[in-house]
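Undergrad: Got a structure for you, written out below as structure tokens; questions coming shortly.
The values are calculated or read from the model by the stated rules, or taken from the named source; none is laboratory data. Model, not experiment: these values are computed from the prediction. Neighbour counts run over all protein chains shown; Cβ positions are idealised from the backbone, glycine included.
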Amino acid sequence: MCTVQLIPLYSEEFQELQRWFSSVDPPYSLEEIVEFNRIYRRIYRLLGREERRRAEEIVDALIAGVGDQAWAAKIYGVV
């Protein structure tokens with residue numbers, strides 16, 4: 001009997017970030033930005049190149065949907 005071992009497309013860390021992002025809606029509050037930063041800082045070094053690129057898309061979406069544009073600079077990954 002042959003067994004197939006499936007390799008996940010994304011790491012558990014990235015999936016955690018994606019689940020969090022799916023659970024919030026714009027306009028994003030300062031508290032949501034702080035929560036995003038907490039997760040992203042913890043997992044960033046564990047993400048693969050493609051996962052980092054996709055995480056940057058989440059950062060872009062947060063910037064676009066932030067409740068107060070002054071908070072955009074507080075998002076981790078924004079220079």
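Undergrad: Would you check which residues across region 43-55 are small (Gly, Ala, Ser) and assigned to a helix (DSSP H, G or I) and list them? Walk me through how you get there before you give the answer.
TA: Going through region 43-55, the residues small (Gly, Ala, Ser) turn out to be 48, 55.
Correct list: 55 only.
Undergrad: Filter region 65-79 for residues that are aliphatic (A, V, I, L, M) and in a helix (DSSP H, G or I) and give the result.
TA: Kept after step one, since they are aliphatic (A, V, I, L, M), are these residues of region 65-79: 66, 70, 72-73, 75, 78-79.
Of everything in region 65-79, those that are aliphatic (A, V, I, L, M) and in a helix (DSSP H, G or I) turn out to be 70, 72, 73.
Undergrad: Which pairs turn up if I take residues in region 3-26 that are over 16 Å from residue 54 (Cα atoms) and in a loop (DSSP other than H, G, I, E, B) and look for partners that are at pLDDT 95 or above and of a type in the set (D, E, K, R) with beta carbon separation below 8 Å, at least 6 apart in sequence or on another chain?
TA: That search, which allows pairs on different chains as well, returns 24/32.
Undergrad: Now, a different point. Give the residue, chosen from 50, 12, 56, that is surrounded by fewer than 13 Cβ atoms within 10 Å (Cβ to Cβ) and within 10 Å of the chain's Cα centre (by Cα). Can you show your working first?
TA: Numbers: 50 fails: within 10 Å of the chain's Cα centre (by Cα); 12 fails: within 10 Å of the chain's Cα centre (by Cα).
Just one listed residue meets the conditions, 56.
Undergrad: Another question, if that's okay. Scanning for something in a loop (DSSP other than H, G, I, E, B), free of Cβ contacts under 8 Å to residues at least 60 places away in the same chain and small (Gly, Ala, Ser), does region 56-64 turn up at least one residue? Reasoning before the result, please.
TA: Within region 56-64, the first condition is being in a loop (DSSP other than H, G, I, E, B), and the residues that meet it are none.
No.
Undergrad: Does region 63-77 contain at least one residue that is basic (Lys, Arg) and modelled with pLDDT under 95? Write out each step before concluding.
TA: Just the residues of region 63-77 that are basic (Lys, Arg), to begin with: 74.
Then keep just the ones that are modelled with pLDDT under 95; that gives 74.
Within region 63-77, one or more residues are basic (Lys, Arg) and modelled with pLDDT under 95.
Undergrad: Does region 17-42 hold any residues that are within 9 Å of the chain's Cα centre (by Cα) and surrounded by 13 or more Cβ atoms within 10 Å (Cβ to Cβ), and which are they?
TA: If we filter region 17-42 for residues that are within 9 Å of the chain's Cα centre (by Cα), which is where we start, we get 17-21, 36-37, 39-40.
Residues satisfying the conditions are 17, 18, 20, 21, 36, 37, 39, 40.
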